[in-house]
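Only one structure is covered here, and it is reproduced in the block below.
Any read-out appearing in this document is the output of simple, stated calculations on the displayed coordinates, not a laboratory observation. What you see is a predicted model, and the numbers here were worked out from it, not measured in a lab. Positions of Cβ are backbone-derived with ideal geometry, glycine not excepted, and every protein chain shown enters the neighbour counts.
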Amino acid sequence: MNGRVGLRGYGRMGTALAAALRAAGLEVVPADDPSAGLVFLTVPDAAIAAVSAALGGGRLVHTSGTVPAAALAGGGPKAAFHPLMAVAAGSGAEVFRGATVSIECDDDALAEDLHAMALAIGAQPVRVDAHRKAALHQAAVWVSNFRLALHAAADAHLAASGIDRRSADLFAALIAQTEANLTTAAPADILTGPASRGDWEVVRTQLARSTDPAARLAYLGLTRILAEAAGLTPPDDLRTPGI
């Protein structure tokens, strides 16, 4: 593996990835440096095709979780290297430690270099095809992005009820225990709450307290998922319309 890595795009992902590569002993150079063994494009999805075309080919790698590697223009091996990690502003090399990285690549030599690079920055590489990469990304949206949506809904509910506390603080112990349970058992084996018991009156009461239409739909949909995981079927009035 060439010790020089080109990079174009210094947003949150690019800045953190550059720091991680340097910490792993690699030299990060401009994307148009001919000495680079491969080039990472950490640019917005919509810019991948144009930026790669401007570079004129080579061993190009983008970091999108939804765009296939085939979207990269020009000749030469192409790949997608997507860290399944929420990279916040100011994140450094440590953000990738323990993270899963999906690698989509149909060139074995480039795939091996990216596999080694993922290990070097402390991540766990998983080689996938374009379809499975998209599935991984969607699953990550469920456990990461939607978790933030749940906290936003919970915070709005608490505020509407006159409780001036953030859900992340108020339920820190509950969240930590749930996460700990998930490390040893499947969700269906550790379910708690009214939906898992078929306590539909409690579900109806809680639903009635939700005034936001989006929150009500989310509550109904998630109730169904939990109930079905417990082997139960919600009554008709608690089923999400159209599903």
How far is helix 172-182 tilted off the main Cα axis of the chain, in degrees rounded to 10, range 0 to 90? 70
Taking alpha-carbon centroids only, region 126-171 lies from region 26-47 a number of Å equal to 31
3J(HN,Hα) from dihedral phi, region 185-197, Karplus parametrisation 6.51/-1.76/1.60, rounded to Hz, x for glycine, proline: 8, 6, x, 4, 8, 10, 5, 9, x, x, 5, 6, 9
Kirkwood Rh for the chain from C-alpha pairs, in Å, is 20.5
Could the peptides 161-170, 225-234 be put in order, highest first, of the mean number of other beta-carbon atoms found within 10 Å of their residues? 225-234, 161-170
Considering all projection directions equally, how large on average is the shadow of the alpha-carbon convex hull of region 134-238, in square nanometres? 7.4
What net charge is computed for the residues neighbouring ALA134, neighbours being all others with C-beta under 15 Å from the C-beta of ALA134, Lys and Arg scored +1, Asp and Glu -1? 0
Output the peptides 175-183, 118-126, 196-204 sorted from most to least packed, where packing is the average of other Cβ atoms within 10 Å over each peptide's residues. 118-126, 196-204, 175-183
Residues with amide H under 5 Å from that of LEU84, placed H, sequence gap 5 or more: THR100, VAL101, SER102
Computed over the chain: longest principal axis from alpha-carbon atoms vs helix 213-229 long axis, angle to nearest 10 degrees, is 90
Quick one: what are the phi-derived ³J(HN,Hα) couplings along region 4-20, Karplus 6.51/-1.76/1.60 with θ = phi - 60°, whole Hz, x for glycine and proline? 10, 10, x, 8, 10, x, 10, x, 4, 5, x, 5, 5, 5, 4, 5, 5
When the charge dipole of the chain is computed with +1 on Lys and Arg Cβ and -1 on Asp and Glu Cβ about the Cα centre, the Cα farthest towards its positive end, among VAL95, LEU217, VAL39, belongs to LEU217
For region 4-130, report the translational diffusion coefficient in µm²/s to the nearest whole number, using Stokes-Einstein at 10 °C, 1.306 mPa s, and a Kirkwood Rh over Cα pairs. 113
Of all DSSP beta bridges with both partners in the chain, the antiparallel percent, nearest 5, is 25
Over region 58-161, what is the percentage of antiparallel beta bridges among all DSSP beta bridges, to the nearest 5? 45
If you place +1 on the Cβ of every Lys and Arg, -1 on the Cβ of every Asp and Glu, and leave all else neutral, what size is the dipole of region 1-138 about its Cα centre, to the nearest 20 Debye? 280
